[in-house]
Structure formats: C-alpha cells, structure tokens
Amino acid sequence: MKKIFLLLFFISLIFVSSAQTYTLSSNLGTITTCSGTFVDGGGSGSNYANSSDYTVTFCSGSSANVSVSFSSFNVENGYDHLYIYDGPSTASPLVDNATGNLGAFVVQSSGSCITFNFMSDVSITYAGWSGTISCAIPCAAPTAGGTITNQTAPVMVCPGEAIN
C-alpha cells in the first residue's frame with residue numbers, strides 16, 4: 001500500500017510540474033505550445049522592469065489557433081505597451097496595442113502563431129499581466145454538398161457544434 005501511495009504521489013508531481021510558465025524577461029524566440037501561463041518579466045509577484053523590449057511567439061505546431069486568455073492586464077497607460085501580432089513575427093499584422101489597466105481579455109490568432117512584443121519606458125512600472133495559453137481547431141465554413149438557406153454570410157461550424 002505504501003509503495004502504491006508513493007507511486008501515485010510521484011506521478012502527481014510530474015503532472016503538476018509539467019505546467020510551464022513563460023516569463024517575458026528576455027527575447028524567448030518561438031515556442032511551440034498549447035498550454036502554459038504567459039506572464040510579464042516581473043513574474044506573478046513583482047512589477048515588470050523599466051526599459052523592456054522583449055518578444056515571444058507562441059505557435060500551436062498544427063493548424064490550431066493559439067489563444068491567450070489574460071486574467072489580468074495592467075501596464076502604464078500610454079507609455080508601456082504589449083503589441084500583439086497575428087502571425088509568426090512582428091512583421092505580421094498588428095491586432096492590438098494593449099496599454100493601461102485592461103483587466104481580463106482574450107486574444108486569438110487567425111492562424112497557428114501569435115507574437116507579443118512588450119516595450120516599457122524608463123520609469124514607472126505596474127503589475128503587468130498573467131494569461132493562459134491554449135489552442136483550438138479553427139471554425140470552418142461548411143463544405144460542398146450541404147445547403148443552408150436564408151443566410152447572407154457563410155455559417156461557421158466549430159468542433160463540437162451542431163447545425164439543426
């Protein structure tokens with residue numbers, strides 16, 4: 001019985017420690033993941049640093065979209081910015097310039113990658129952010145063979161949804 005308990009204890013440690021936190025305190029490059037926590041350079045307990053200029057790209061490694069659900073977001077309004085790009089680099093389309101106290105919000109890539117570039121000025125820092133990374137198979141328009149009437153735009157079908 002004692003051996004089984006120890007085995008279960010060690011297995012639970014493996015699952016608990018597998019949750020990765022990505023701290024934007026340096027240029028992290030491209031990370032292929034569909035899970036984890038994305039935090040500012042100060043981590044969960046401190047403010048981010050002055051004069052930051054760091055970039056990270058999260059890719060799903062498949063056709064799935066990457067989503068980051070921010071549970072909190074607070075940077076110096078108008079002076080510190082988290083630029084969010086829909087694609088694999090800062091040359092991709094800019095979809096948001098997050099600044100100020102935005103609270104909770106979600107961003108999602110239209111493809112398989114999303115890029116973040118954080119820039120802070122030389123004074124005043126705030127708590128920053130914390131977000132959860134996930135991936136989802138994108139919704140798709142119905143394929144040929146079916147007929148949907150009385151619609152002016154394509155109906156998007158997502159995994160797990162039904163058309164009645």
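Observations on the structure shown:
- Residues of the range 54-103 that turn out to be out of contact with any strand residue (DSSP E or B) (no Cβ under 7 Å at 6 or more places or on another chain) and in a strand (DSSP E or B), as a count: 0
- Residue list for the range 30-45, filter: at pLDDT 95 or above and open to solvent by 40 Å² or more (accessible area, probe 1.4 Å): Thr30, Thr32, Cys34, Ser35, Thr37
- Failed criterion for Pro138 (all others in (1) of a type outside the set (D, E, K, R); (2) open to solvent by 60 Å² or more (accessible area, probe 1.4 Å); (3) modelled with pLDDT under 95 hold): (2)
- In the range 22-38, the residues that are of a type in the set (A, V, I, L, M, F, W, C) and within 15 Å of Asp80 (Cβ to Cβ): Leu24
- Lone qualifier among Ser63, Ser52, Ser130 - being open to solvent by 50 Å² or more (accessible area, probe 1.4 Å), out of contact with any Cys (no Cβ under 6 Å at 6 or more places or on another chain) and under 24 Å from Gln20 (Cα atoms): Ser63
- Condition check for Ser72: modelled with pLDDT of 95 or more, more than 18 Å from Cys135 (Cβ to Cβ) and open to solvent by less than 60 Å² (accessible area, probe 1.4 Å): yes
- Among residues of the range 104-137 being assigned to a loop (DSSP other than H, G, I, E, B) and over 15 Å from the mean Cα position of the chain (by Cα), the one that is nearest to Cys34 (Cα to Cα) is Ala127.
The values are calculated or read from the model by the stated rules, or taken from the named source; none is laboratory data. On a predicted model such as this, the values are computed, not experimentally measured, just so you know. Here the Cβ is made from the backbone with ideal geometry for all residues, glycine too, and neighbour counts use every protein chain on show. These accessible areas exclude ligands, DNA and RNA; they are computed on the full protein's heavy atoms, side chains included. Shrake-Rupley method; radii C 1.70, N 1.55, O 1.52, S 1.80 Å.
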